[in-house]
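Engineer: Before anything else, here's the structure in question.
Read-outs: derived from the displayed coordinates by stated rules, not from any lab. Here the structure is a predicted model, which means the values were calculated and not measured. All Cβ positions, even for glycine, are placed from backbone atoms using ideal geometry, and neighbour counts span all protein chains on display.
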Amino acid sequence: MVTRRMNIPVRMTLMNSPPSTDPFEFKHIDLEHDKLVPIQELCQARLGKTMSAATIWRWTSQGNRGGRLEAVRVNGRWYSTTAAFAAFLMGQTKAHLTNRTERDSTAMEDQLSAAGLL
């Protein structure tokens, strides 16, 4: 029986190094120490529902409004950590609130201008 070892690149960053522009550099996942949890289980535990495979693929590859979900693919399943999933959800919430605030302020300015107050 032949055993193959997975060579997973682990990138170490120095404290004084400039921020990386590499989209696959993990901020919230330490492959050597963190517990990896299937994303379906994270969704079920945090959101109370399962997500489709297409949604998980989009979150991990392209990202959504709040950024890309940091994840690794092992044996055909996507895994992440609770910290990475929480950061992804917080990014989505922040992006939604930022867009809503900009939208609301623009609408308010339009109403004030229409009323002749600006």
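Engineer: Sorting check: for 83-91, 35-43, which peptide has the highest mean count of neighbouring beta carbons within 10 Å, and how do the rest follow?
Structural biologist: 83-91, 35-43
Engineer: How much net charge surrounds Val37 when only other residues with a Cβ under 15 Å from its Cβ are counted (Lys, Arg +1; Asp, Glu -1)? Let's see the in-between values first.
Structural biologist: Working: positive: Lys35, Arg46, Arg73, Arg77; negative: Asp30, Asp34, Glu41, Glu70.
Residues near Val37 contribute 0 overall.
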